[in-house]
Each structure stands twice: as C-alpha cells, then as structure tokens.
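First the structure, in the form of structure tokens, and then the observations on it.
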Amino acid sequence: MANKKCITRRAILKAAAASASGILAGSVLSRVGQGAESDSDAIAADPKVRGPFPILSTPFTEDGQVDYDVLAKEAKFVAWAGTPGMIWPQSADSVDLLTTDEKRKGMEVLAEATRGMSTALCLGVQGTNTEEMLEFAEHAEKLAPTAIISRPPDSGKTEEDLRQYWRALAAVATRPVILQTTGGVAYKGPLPSPQLMIELAEEFPHFGYIKEEAGDVLGRMKASLAARPPVRRVFSARGGIHWNEESRLGSEGVITERAAYADVLTRIWELQQSGEDPETLKDVFGKFLAMVKVKPGGLRDANLYIWKKRGVFKNLISRNYGPGKSFPASPIISEFKMNEEKIAEVEKRFEALNPYLIEVTPDLSKPA
C-alpha cells in the first residue's frame, strides 16, 4: 500500500511538471506568434485580491487542540469589519506546528464559514517539498477559495528549486496565487528574486501577486512595481509597520497576522485609497503602530489578549516550537500572561484606537 501511494504521488508530481512546462511553452509560443503583450492586453489583476488580507491567528482549546469554532468566528469577525480578504494557514506556527489533518480541516471550516461572504478567502498552500505543497494545493482547489498563497519550500536550496516548486503549483492552481518572499523557520535557501517573481508572472496569468517582506524590501518592491504588468499586485507585510510608506510606492494592500484589528486595517486602507484626509490617516496609523509595537508584541502575546477582549478568543493558549525553533514531536502548550502594569499599558493603547473601531460587537454565533 505504501508503495502504491508513493507511485501515485510521483505520478502527480510528474504530471504537474509536464503541465507547467506545457503552460510555459504555450505562453512562449503565443508571444512569439503575436508579438510582445501590450499593457492593454495583459491579464488584469483580480479586483477581489486587493487591500488588507489579515492572516487569522490559530485558536486553541484549553488542552491545546485547534478550536475550529473560534477559527470560524475569526472569519466572521474579519468579514463584519468590512475587510477585503483573509488568509489561513500562513503564519509560521500554523504552518509548522499543526498536523496535515488539522490544516486540511481548518481549510474546510473556513470555506464553509465564508460561503456567501464578500470578504475573500485565501488559503495557504506550502510544504517542506513540492509533493507536500501539492497535497495542500489540491485540497484547497476543491474548496474553491478566492485565492491561494504559498511560501518557499523548506527543502529549497537554490532559486531553481523555487522556480520548479512554483511551476508545479501553477499546474494545479486555477485561481490567483500570491507568492510570499520569505520561507519558514526551517528554510535556509535564497530569497526569491524580483526577477523570478516577474518571470513567473509572465508565464502564468494567475501569478504576479507578491507578498514582499524580505531583504531590501523597498528596492525589491520598486522593481516589482515597475514590472506591472505582468506583475499584478504587490502587498506590504512585516506586521504592517511600513505599510503607509510602501503604499505611497504603490503597494495595494497588506498581509499580516493582525486580524484582531481588522476594522482598523480597513479604515487605514480606505483612507489610503481616498487620499482625502491625510491627518486622520496619520493619526489612525500612528495609533495602530503603537498598539502592535507593545512589548511583548509578537504575533501571539498581546495580540491574543486583544482577540479575547474583542470577544472572539476564549483564552490565550498557544502551541510553541521546541529548542532552537525545532518542530516538537507532540504539541508544547503555553498560556500567555501579563502583569497588571502591562495589561494597563495594552488597555491604554487599545483605548486610543476607539475612534477607529466599529463600536457594535457582532453576534459571531450567527452567519455573517
């Protein structure tokens, strides 16, 4: 049986590579026969893949199991805030510290929870290698999200490895694909160059969406933005801390695990787009930065406290890496705690955001 499974996966990989090569060949032949593609003829960016796409934080029960009911409530919260999109699983801990079955089930829960919502669902598909990534990509495709997002494989050692990995994804995916320019904690390979991002955008009409957060971010972002089209969209990242500056360059959204502030992100986005009230934009963005920079201000930590304060999370439980960011054989569970002084600081910074919060708390037990 094990051998049969191995052969099946090899066949899928082989078919994916052949399909990707076919797409590439067709693209090249088309350009040779018709001449270079003009700006007006280029495949337009999907209008639904634009704006803030916060990454959902993974909630856990008291005994460290994934709390799928709360995950669905997160999705409803983000939609209630009017946010254009949401992403899961994509943060390092949700990718590295959840089992394959947990990630697959979480995708299914979110696909069901977001059905009929105007807020777009983007599912994360990546793996330690191409085979593992394709398993998630095939599963995501069955669930028909608006988009998918993928980071480099842990096993990647060269840019050619990344090229072939994402070409295999191109053969399976049928919807917009956002490529993340950083890998996970186990990734030791190179940063995917802007040239590779542009090349893949030229080859595949559903590529060209980039989450830029590595190396010389501003320089890389400028290079990608100068290549529109075929580059279709560039997103800011890095916790949203540099979003305002990068939006002035031309980034068209942000991807960050700050979904607890979905209404604030939406307000910032609206102000960036209108350009009509720079003082209010400066105020809300400054207060957002003060909130997310609170120490300890990791992607869990005080962020979980806000999730609970806003009535979405039940607790402040997390799973953790082992020594040296290793992947533990069984879950390592911890509960985040703050002393009274730190709680007072967090409360004060969050209170400053009040003018930009949606006041009415939604009933997250009902459909969005």
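Can you name the number of the only condition in (1) in a strand (DSSP E or B); (2) farther than 21 Å from Trp307 by Cα that Thr128 fails?
Only one criterion in (1) in a strand (DSSP E or B); (2) farther than 21 Å from Trp307 by Cα is unmet by Thr128, namely (1).
How many residues does region 72-108 contain that are crowded, with 21+ Cβ neighbours inside 10 Å, over 17 Å from Ala260 (Cβ atoms) and of a type in the set (Gly, Ala, Ser)?
Here the count works out to 1.
Scan region 139-154 residue by residue and report those that are free of Cβ contacts under 8 Å to residues at least 40 places away in the same chain and open to solvent by 10 Å² or more (accessible area, probe 1.4 Å).
Within region 139-154, His139, Glu141, Lys142, Leu143, Ala144, Asp154 meet the criteria.
Within region 195-213, how many residues turn out to be closer than 11 Å to Glu159 by Cα and open to solvent by 10 Å² or more (accessible area, probe 1.4 Å)?
Residues that pass the stated criteria total 1.
Cβ-Cβ distance below 8 Å, separation of 6 or more or different chains: which pairs start in region 330-357 with a residue that is closer than 16 Å to Arg300 by Cβ and touching a residue at least 60 places away in the same chain (Cβ under 8 Å) and end on one that is basic (Lys, Arg) and open to solvent by less than 60 Å² (accessible area, probe 1.4 Å)?
Pro331/Arg319; Ile333/Arg319
Would you check if Lys348 is in a loop (DSSP other than H, G, I, E, B), of a type in the set (D, E, K, R) and modelled with pLDDT of 95 or more?
Spelling it out, it is not the case that Lys348 is in a loop (DSSP other than H, G, I, E, B), of a type in the set (D, E, K, R) and modelled with pLDDT of 95 or more.
What are the residues in region 24-72 that are of a type outside the set (A, V, I, L, M, F, W, C), modelled with pLDDT under 95 and part of a helix (DSSP H, G or I), if any?
Gly26, Ser27, Ser30, Arg31, Gly33, Gln34, Asp39, Ser40, Asp41
I'd like to check which helices (runs of 4 or more DSSP H) are fully inside region 182-274 and have at least 2 residues that are more than 18 Å from Tyr165 (Cβ to Cβ) and touching a Gly at 6+ places or on another chain (Cβ under 6 Å).
Passing ranges, in order: 262-274.
Pairs needed: first member in region 155-167, farther than 11 Å from Gly183 by Cβ and open to solvent by 10 Å² or more (accessible area, probe 1.4 Å); second member anywhere, of a type outside the set (Gly, Ala, Ser) and not in a loop (DSSP other than H, G, I, E, B); C-beta distance under 8 Å; at least 6 residues apart or different chains.
These pairs meet every condition: Glu159/Leu196; Arg163/Leu196; Arg163/Glu199; Arg163/Leu200; Gln164/Thr130; Arg167/Leu24; Arg167/Leu200; Arg167/Glu203.
Okay, residues lined up against (1) of a type in the set (A, V, I, L, M); (2) within 18 Å of the chain's Cα centre (by Cα); (3) farther than 22 Å from Lys73 by Cβ:
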| residue | (1), (2), (3) |
| --- | --- |
| Gly250 | no, no, yes |
| Ala260 | yes, yes, no |
| Leu271 | yes, no, yes |
| Glu276 | no, no, yes |
| Leu281 | yes, no, yes |
| Ala290 | yes, no, yes |
| Asp301 | no, no, no |
| Val312 | yes, no, no |
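Out of all the residues in region 241-282, which are open to solvent by less than 30 Å² (accessible area, probe 1.4 Å) and at positive phi?
Gly250, Gly253
Among the residues in region 316-326, are any within 30 Å of Asp154 (Cα to Cα), in a helix (DSSP H, G or I) and of a type in the set (S, T, N, Q)?
Scanning region 316-326 turns up no residue that is within 30 Å of Asp154 (Cα to Cα), in a helix (DSSP H, G or I) and of a type in the set (S, T, N, Q).
Quick one: which residue in Ala223, Ala302, Ala290 is out of contact with any Cys (no Cβ under 6 Å at 6 or more places or on another chain) and buried (at least 23 other Cβ atoms within 10 Å of the Cβ)?
Going through Ala223, Ala302, Ala290 in turn, the sole match is Ala302.
The values are calculated or read from the model by the stated rules, or taken from the named source; none is laboratory data. Quick caveat: nothing in here was measured; it's all calculated off a predicted structure. Neighbour counts run over all protein chains shown; Cβ positions are idealised from the backbone, glycine included. Just so you know, the surface numbers come from the protein's heavy atoms only, side chains and all, with ligands and any DNA or RNA stripped out. Shrake-Rupley method; radii C 1.70, N 1.55, O 1.52, S 1.80 Å.
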